[in-house]
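The values are calculated or read from the model by the stated rules, or taken from the named source; none is laboratory data. Since we're looking at a predicted model, the values are computed, not measured. Positions of Cβ are backbone-derived with ideal geometry, glycine not excepted, and every protein chain shown enters the neighbour counts. Keep in mind that these areas ignore ligands, DNA and RNA; they rest on the heavy atoms of the full protein, side chains included. Shrake-Rupley method; radii C 1.70, N 1.55, O 1.52, S 1.80 Å.
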Amino acid sequence: MPDLPRVIEIERLAYPSTWPPSAYRKELQDNRWAHYIVLRDRKIAEERLAMPVQEPERPRRFFPLSLLPPRHSVTVPSPQLASIIGFAGLWLMVDEAHITTIAMHPGFRRLGLGEFMLVDLIGIAYNIGASWVTLEVRVSNYNAQNLYRKYGFREKGVRQKYYSDNQEDALIMWTDEINAPRYKQQFQELRTTLFRRLEAQ
Ligand SMILES: CC(C)(COP(=O)(O)OP(=O)(O)OC[C@H]1O[C@@H](n2cnc3c(N)ncnc32)[C@H](O)[C@@H]1OP(=O)(O)O)[C@@H](O)C(=O)NCCC(=O)NCCS
């Protein structure tokens, strides 16, 4: 819950339309089938912790007004908040894991980190007993589709005018049975390659 302000900030940068903040709160508080993750950059957190605490600049006022608190105080995000660079989530419905969201801050894309979050979500899907993973994606969102195809998601249908902001269609994508030996093996291979890449970076 304390991570929400930063998640909402990244969501605004990543998506053309956003969930109302209350939807996240409801998901986290009331939906026991929902699983959400945030990705943190340890370096940003350490840099923030090392930064001297800066007093917000106070507007100059003559006594006695100078005793009043400033009207516009600058809020410096805490290291915990500032270090969040991505988030993702899914719901379990019977034996299907439905990915509801996955977004990286634009300043941290193409580094393998969106893939890292997808790997984590599929890992969660295994842990909670899902057999398939599915999601919807805008027909124009080729970057995300490439990511999903890499992990064995295939197009199984279209939801017409699914997105209310521009009436865009959604592709419905599904993995094969994630416990099938072939899927498991491909997943492990992709995961190992990704982890090697991230370690080398
Ligand atoms: C989709 C998203 C999460 C990918 O995050 P990312 O950290 O940039 O992606 P990665 O660097 O981990 O890339 C993983 C794979 O995704 C695909 N991909 C990601 N960005 C791509 C791009 N700009 N062009 C082509 N393929 C791309 C590639 O298959 C890539 O594998 P590769 O590195 O072997 O080529 C990110 O672009 C994002 O936040 N987009 C906005 C939100 C969004 O559209 N979410 C999906 C909603 S369904």
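Can you find even one residue in region 128-142 that is closer than 22 Å to residue 13 by Cα, touching a Gly at 6+ places or on another chain (Cβ under 9 Å) and aromatic (Phe, Trp, Tyr)? Scanning region 128-142, I find no residue that is closer than 22 Å to residue 13 by Cα, touching a Gly at 6+ places or on another chain (Cβ under 9 Å) and aromatic (Phe, Trp, Tyr), so the answer is no.
Taking the numbered list (1) without any contact (Cβ under 8 Å) to a residue 12 or more places away in the chain; (2) in contact with a Lys or Arg (Cβ under 6 Å, 6 or more places away or on another chain) in turn, residue 112 passes all entries but (1). Which is at pLDDT below 95 and part of a loop (DSSP other than H, G, I, E, B), of 165, 176? After applying the criteria, what remains is 165.
Would you tally the residues in region 153-201 being touching a residue at least 24 places away in the same chain (Cβ under 8 Å) and touching a strand residue (DSSP E or B) at 6+ places or on another chain (Cβ under 7 Å)? Final tally of qualifying residues: 12. Residues that are among the aromatic types (Phe, Trp, Tyr) and near the ligand (Cβ under 7 Å from one of its atoms) within region 107-146 comprise 108, 116, 142, listed in sequence order.
Taken over region 79-106, the criterion of being within 11 Å of the chain's Cα centre (by Cα) and either near the ligand (Cβ under 7 Å from one of its atoms) or open to solvent by less than 30 Å² (accessible area, probe 1.4 Å) (or both) is satisfied by 84, 85, 86, 87, 88, 89, 90, 99, 101, 102, 103, 104. Within region 169-199, the set of residues being closer than 16 Å to residue 97 by Cα and away from the ligand (no atom under 16 Å from the Cβ) comprises 176, 177, 178, 179, 180, 183, 184.
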